[in-house]
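Enquirer: Handing you a structure now.
The values are calculated or read from the model by the stated rules, or taken from the named source; none is laboratory data. Everything numeric here is computed off the predicted structure, so don't read it as measured data. Glycine gets a Cβ as well: all are built from the backbone with ideal geometry, and neighbour counts include every protein chain shown.
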């Protein structure tokens, strides 16, 4: 099952025991940024000098990404100089909600009627956590591919990761943030 960067961040932000979200506000921004990075890696968006550009409006084939691309395109067209920061501020809650909906449709989380805010979901009770284990394994493996490197950077920027000990054979500047179990 293909999981987007935003979905990966949301899954990693859900507590393994209770299924509820951790780092709610930071994670919502990270989900929006993850979606933006995913669309950039797919060649649909560009980021240069803090500005957001739409390079290609062709569908990616992923419902969640295509919806966010349409919104970014419509928003950017109405702006003289569309700023990445302005887009993320506007889209954080919307991206988190759309990502939660996508995960719900795919059976990876369930709706939580008592939850408020951008993460109105819980992990699926009794789920085996295979997706999350796979994510943690990818984050632990070095060197990272560009997509995993982006995920690690987003988690670190959101305060959802801690610096890892220096890997054997890698110099200090190549330390990689890894998601910690305690986050």
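Enquirer: State all residues of the stretch 101-132 that are outside any loop (DSSP other than H, G, I, E, B), modelled with pLDDT under 85 and touching a helix residue (DSSP H, G or I) at 6+ places or on another chain (Cβ under 9 Å); if no residue qualifies, say none.
Expert: 109, 110, 111, 121, 123, 131, 132
Enquirer: Filter the stretch 39-83 down to residues that are part of a helix (DSSP H, G or I), closer than 21 Å to residue 2 by Cβ, touching a residue at least 12 places away in the same chain (Cβ under 8 Å) and in contact with a strand residue (DSSP E or B) (Cβ under 9 Å, 6 or more places away or on another chain), then give me how many there are.
Expert: Within the stretch 39-83, residues that are part of a helix (DSSP H, G or I), closer than 21 Å to residue 2 by Cβ, touching a residue at least 12 places away in the same chain (Cβ under 8 Å) and in contact with a strand residue (DSSP E or B) (Cβ under 9 Å, 6 or more places away or on another chain) number 3.
Enquirer: If you check 143, 163, which single one turns out to be over 18 Å from the mean Cα position of the chain (by Cα) and at pLDDT 55 or above?
Expert: 143
Enquirer: So which residues in the stretch 42-73 are in contact with a helix residue (DSSP H, G or I) (Cβ under 6 Å, 6 or more places away or on another chain) and at positive phi, if there are any at all?
Expert: 50
Enquirer: Of the residues in the stretch 149-158, how many are under 11 Å from the mean Cα position of the chain (by Cα) and assigned to a helix (DSSP H, G or I)?
Expert: Going through the stretch 149-158 one residue at a time, the tally reaches 6.
Enquirer: Report whether or not residue 48 is closer than 23 Å to residue 159 by Cβ, modelled with pLDDT under 95 and surrounded by fewer than 21 Cβ atoms within 10 Å (Cβ to Cβ).
Expert: So residue 48 does not fit the description; no.
Enquirer: Is it fair to say residue 96 is in contact (Cβ under 8 Å) with a residue 60 or more places away in the chain, over 18 Å from residue 55 (Cβ atoms) and under 19 Å from the mean Cα position of the chain (by Cα)?
Expert: yes
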